[in-house]
Amino acid sequence: MKRDPLLWVATAAVLIVLASAEYELARACGFGLYVAAGVPAALDVYALAALRARRDVFTVVLTLIAVNAASHLVEVGLLPVSVPLVVGVSAIAPLVLWRVHRLSEAGVSDETPAAPEPSVIPAEPVPAVAQLAEPITVDRASEPVDTAPHAPVLGPWTPVAELAGGTGGTTGGTGPDLLGDHFAAVRSAIGEAPAEPATEPVPPAVPPSGTGAADIVSEDTANTTFERRVATVRNWLQAEPELTGTEIGNRLGVSASYGRRLLRTARDES
């Protein structure tokens, strides 16, 4: 309750007035001289407890009005003392005991601080797992294990007669036909009858005329050798039309590309 002097004075005056009426009603209902004082004391304690707990205030006010009115009605003879009145006044003490006890429990529970509710911290949303990228598959063309080589197959190395013997200019003429003998030996080794070589034209003798004479003779000799080989290939094609450039190169002891060149030239001139 608030510490206001006027409030305390008003409360004390009201309790004294009510206590007097309550005491006279208890005496009229048969309570003893000293026991009757317990009825106003009980009602006053109940009123103070209700005001402090701020509960049952309306019930206390109605009870005090009813007891005060009944006391004055009995005092002036307007209300006779009957059984219900005696029972009602006798029930005041037990009811006050019950309600004061309940108000005290309510006051203790109100003063006890409530336990703080556990704060629930919302969990952070877990990010979704990134979808795994699909593996990239690279298809590689399988290469056969036993693959024929792309480079031309070269036969055994044989020095060219013209390069091995060389030319001695116009003074010594051309060297012996070692290449023709080699071709004949190759043909005899593979069991083929040697073809008659074409008549090789003899270049006219050129008198020495300085440093350019040897070059002219070398060029004519190379051309003559190529023409002779072309003539030989042409003769082979008459007997073997399906002859390839690689086979011609093997027979002549030259590379496959040179053999194909001879084959093309022989077919073009046919």
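The values are calculated or read from the model by the stated rules, or taken from the named source; none is laboratory data. Predicted model only: the values in this text are computed from it and were never measured. As a convention, Cβ positions derive from the backbone with ideal geometry for all residues, glycine included, and neighbour counts pool all protein chains shown. Heavy atoms of the whole protein, side chains included, go into the accessibility calculation; ligands, DNA and RNA do not. Shrake-Rupley method; radii C 1.70, N 1.55, O 1.52, S 1.80 Å.
Put a dot 7 Å past the Cα of E240, heading toward its Cβ, do the same for A69, and the two dots end up 15.0 nm apart. On the beta carbon distance between A184 and R260, with R0 = 30 Å, the FRET formula returns roughly 0.85.
Here each label is just a point 7 Å from Cα along the line to Cβ, and for T225 and E105 those points are 13.4 nm apart.
With a cut-off of at most 12 other beta carbons within 10 Å, and DSSP calling the residue loop, which chymotrypsin sites (Phe, Trp or Tyr not before Pro) in the range 1-98 qualify? Please list them. Numbers along the way, then the final one.
Working: sites: W8, Y23, F31, Y34, Y46, F58, W98; in loops: F31, Y34.
Within the range 1-98, the qualifying chymotrypsin sites (Phe, Trp or Tyr not before Pro) (loop, at most 12 other Cβ atoms within 10 Å) are Y34.
Extension gain, R52-S20: 0.36 nm per intervening residue step, less the Cα-Cα distance, totals 9.2 nm. Across I65, I92, the residue with the most accessible area heads the list, and the full order at a 1.4 Å probe is I65, I92.
A91 to V61: FRET efficiency via 1/(1 + (r/R0)^6), r the Cβ-Cβ distance, R0 30 Å, to the nearest 0.05? Before the final figure, lay out the partial values.
Working: r = 18 Å, r/R0 = 0.61.
Plugging the Cβ-Cβ distance into 1/(1 + (r/R0)^6) gives 0.95.
Spin-label model, L78/D4: points 7 Å from Cα along the beta carbon direction are separated by 3.2 nm.
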